[in-house]
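Down below is the structure, laid out as structure tokens.
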Amino acid sequence: MDSTETGYLVGKPSGDDDPSEPRPATKMSHLDSYESSKSTTTCSNRLVNIVVEPLQWLQMLSSQLNPSFVFGVILVYGFNQGFSGSFFKVVSDYYWKDVQQVQPSVVQLYTGLYSIPWVMKPIWGLMTDVFPVKGYRRRPYFVLAGVIGALSAAMVALGGRLAAAVALSCLIGLSAAVAIADVTIDACIARNSIEIRALASDLQSLCGFCSSAGALIGYSTSGFFVHHLGPQGSLGLLAGPPTLLILLGFVLYEQRTSGRSEEKSTEKLGLAMRGMYKTIKFPQVWKPSLYMYLSLALSFSTHEGHFYWYTDPKAGPAFSQEFVGIIYAIGAMASMVGVLIYHKNLKDYPFRSLLFMAQLLYSVCGMLDLMFVLRWNLVLGIPDYLFVVMEECVSRIVSRIRWMPMIVLSSRLCPLGIEGTFFALLMCIDSLGSLSSKWAGGMVLHAFHVTRTDFTNLWLVVLIRNVLRFSTLALIFLVPKVGQSEVIIPSDLLTRNSTSNVEENDNLELVPLNVVKAQV
């Protein structure tokens, strides 16, 4: 900085400065104070922006969408999917391992059954689309989900030593509560994604942030409660989130439909079924749907084998209950980072190129599991606790980046008029992929004799899984090349479904009418 600039900054006329004379110390102190204040102000502004920007973003969504809908997304994805799902994952694993004392391959099959309510999502979607209760299409199903979830959690917690079949039924009931609430709110999300295409990625980012934040709380507290309340007592805490669903059923804004609409449920059911069949036949729809199923099914799950190995005091690293929860909690934080990366940098990339790179990274990340099982981390001088945290962070970030465009793609494939039902159908396909993954993993664990105490062949199971992940890259041609904000399904199909169901359409006011008209 030259003398002229310095003189101006300290408030002295530039002509009074003599370059040959040393600068007074007071001037330098004033300048340093100014620069320090400027730096502090910039730092403070950044901290304020970190807090203000998310709030401004939520305010923008609430101004474009109905505020009760935004509240519903936060409640369903944050508390029920995020918190309940993560808490349930850890606690139920310990419940089967310590209370029921079953083999990991059997638990893998049991966890696959948790997917049954999610496979039934088209049925829930049809119910919410064409079978209103007392004139309401969404609110009663939130209440139903809340009642099922609360009763299931109370029964497994207070029923003593339950038979395995009864306990499994209760845990499936908890999963059903989340699935019914999910499909109900997803119908609203799909409709908004179609009517305001520019917000499709933002809506999925909101879902991802809420889910990851809830998962962070659930994972970080699960180990503590398992240690102090035991697995069975901890499952009783899962009655809380379903109770909030009952509240949502009363506060969600929804206009009541006429009695005439209720009398035409059978006709609307036929229209919805024909619309689904007509839509799924388009190559723009069935090809990416097939890719989403195969990408999940081919990467079969080895979670239960890893969990039993994590906690084994001889063959594995013998992680404590609290540390297992911490591992998953750190993974939830990493998942939020993945959502942020997608929201800030990746939501404008074409579907095919983004999913190809995400699947490639996902396949490479799987090799970290293999290194850990073979204990190569100790050869490299990396302690178990540090390596597992690194592995969890990387895999969660990549998994979230891989998953987000799939959900956006699913929401963009839904035609108006049957958006709730069809989005549920696409999510059912994903759930079938998850079910296939878990059951295939259970069979492979059983075939290679991975038990509660024998983990000799666990590394081989992980290697086979990683090879299948790489093979999924050959199927990327099934994904469309279009951008994430472009129209995918034919416009004439979108118009036909919208006009043919205009009388049957949901009257839930999710978008201000002036915004919808502006988009049209």
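The values are calculated or read from the model by the stated rules, or taken from the named source; none is laboratory data. Owing to the predicted nature of the structure, the values given are computational and were not obtained by experimental measurement. A quick note on method: Cβ atoms are made from the backbone with ideal geometry, for glycine too, and the neighbour counts reach across all protein chains shown. The protein model used for the area step is the full one, side chains on, heavy atoms only, and it has no ligands, DNA or RNA in it. Shrake-Rupley method; radii C 1.70, N 1.55, O 1.52, S 1.80 Å.
The figures follow:
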{"read-out": "Subset of the range 212-255 that is of a type in the set (S, T, N, Q) and at pLDDT below 85 - its residue that is nearest to the chain's Cα centre (by Cα)", "value": "SER212"}
{"read-out": "Any hit, the range 134-146, residues being over 30 Å from PHE448 (Cβ atoms), touching an Asp or Glu at 6+ places or on another chain (Cβ under 8 Å) and open to solvent by 10 Å² or more (accessible area, probe 1.4 Å)", "value": "yes"}
{"read-out": "Subset of the range 107-118 that is crowded, with 18+ Cβ neighbours inside 10 Å and among the aliphatic types (A, V, I, L, M) - its residue that is nearest to TYR293 (Cα to Cα)", "value": "LEU109"}
{"read-out": "Residue within the range 50-70 that is in a helix (DSSP H, G or I), in contact with a Lys or Arg (Cβ under 8 Å, 6 or more places away or on another chain) and at pLDDT below 80 present", "value": "no"}
{"read-out": "Residue ID - nearest to the chain's Cα centre (by Cα), chosen from residues in the range 338-368 that are within 14 Å of TYR291 (Cβ to Cβ) and among the aromatic types (Phe, Trp, Tyr)", "value": "TYR362"}
{"read-out": "From the options SER289, SER301, SER295, residue that is within 30 Å of ARG452 (Cα to Cα), open to solvent by less than 20 Å² (accessible area, probe 1.4 Å) and modelled with pLDDT of 85 or more", "value": "SER295"}
{"read-out": "Checklist (1) part of a loop (DSSP other than H, G, I, E, B); (2) of a type in the set (Lys, Arg); (3) within 25 Å of LYS97 (Cα to Cα) applied to ARG465, failing item", "value": "(1)"}
{"read-out": "Residue satisfying condition, being assigned by the TED database to the domain that holds ILE217, under 17 Å from the mean Cα position of the chain (by Cα) and in a helix (DSSP H, G or I), within set VAL107, VAL73, VAL143", "value": "VAL73"}
{"read-out": "For GLN284: the one exception among (1) under 30 Å from HIS228 (Cβ atoms); (2) open to solvent by 10 Å² or more (accessible area, probe 1.4 Å); (3) among the polar types (S, T, N, Q)", "value": "(1)"}
{"read-out": "Cβ-Cβ under 7 Å pairs, at least 6 apart or on other chains, the range 189-215 side among the charged types (D, E, K, R), far side surrounded by fewer than 22 Cβ atoms within 10 Å (Cβ to Cβ) and in a helix (DSSP H, G or I)", "value": "GLU195/VAL516; GLU195/GLN519; ASP202/LEU61"}
{"read-out": "Scan of the range 356-373 for residues that are of a type outside the set (Val, Ile, Thr) and in contact with a Phe, Trp or Tyr (Cβ under 7 Å, 6 or more places away or on another chain), ordered by number", "value": "SER363, LEU370, PHE372"}
{"read-out": "Conditions (1) open to solvent by 30 Å² or more (accessible area, probe 1.4 Å); (2) within 26 Å of GLY331 (Cβ to Cβ); number of the one not met by VAL388", "value": "(1)"}
